[in-house]
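Report on the structure given below.
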Amino acid sequence: MHRALAVPARRALLAELTSAAGPLEAQQLAATLGLHPTTIRHHLTALVQAGLVTVSRHPGTGRGRPKLRYAAAPAHQQLDAYRELVEILAHGYGRLGATRAGRDWGAGQPPDDAPLADRVRAAAERWGFRPEPGPDGELLLRDCPFLRTAERHPEVICAVHQGLLDALADGQHIVRLHPFSAPGVCTVTIGPVSG
């Protein structure tokens, strides 16, 4: 499954299918992504085999084979596949490598002029958390999408999240993740850069 997502075109395909209103044909995806239909079909096959995409046959209006239509797998199936990927990656990264990977990934996100606290909250939602304001101005992160793996490999999962937070920091503030500050909850604090 990790091979299926290692190719940028496949991640783009999965994103397109996830946001689509319904199943799409390979020709439609090829036109949208600017790739040859044969290349698209190759990538779709890998995503189907990984369990991230489903395929169904629909009879055409004329002669020939039924048309294949592709859709993103239901969210719970995708999440199971991502959890498997995270478990695999957790065995291959150390803390420093995971933090660097998070920073690199976060640095590639589009710029945002919103206040830092708002950007952190929005990012946490994108990552699958349920963020809530804490009593002392911190942000409480509930419902970690990788909780089981994070409990076994916090040195990797939490380090990736810290790297993502580092990438959001504005140079005047430090954004710090405090893993498992309460049962099932991580806390994010934002403070000034000291010195």
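Bear in mind these aren't lab numbers, they're just calculated from the coordinates by the rules spelled out. Everything numeric here is computed off the predicted structure, so don't read it as measured data. Positions of Cβ are backbone-derived with ideal geometry, glycine not excepted, and every protein chain shown enters the neighbour counts.
For this structure, a couple of remarks:
- Across all Cα pairs in region 95-176, the calculated P(r) in 10 Å bins from zero up to the longest distance comes to 18, 52, 29, 2 percent per bin.
- 3J(HN,Hα) couplings calculated from phi for region 43-56 with the Karplus curve 6.51 cos²θ - 1.76 cosθ + 1.60 (θ = phi - 60°) are, in sequence order, 5, 5, 4, 5, 5, 5, 4, 7, x, 8, 9, 10, 10, 9 Hz; Gly and Pro show x.
- Neighbourhood charge, 12 Å Cβ-Cβ cut-off, centred on residue 120 and excluding it, Lys, Arg +1 and Asp, Glu -1: -2
- Cut-off 14 Å between beta-carbons: net charge of the residues surrounding residue 107, Lys and Arg +1, Asp and Glu -1: -1
- The reciprocal of the average 1/r between distinct C-alpha atoms defines the Kirkwood hydrodynamic radius, which for region 10-57 equals 10.6 Å.
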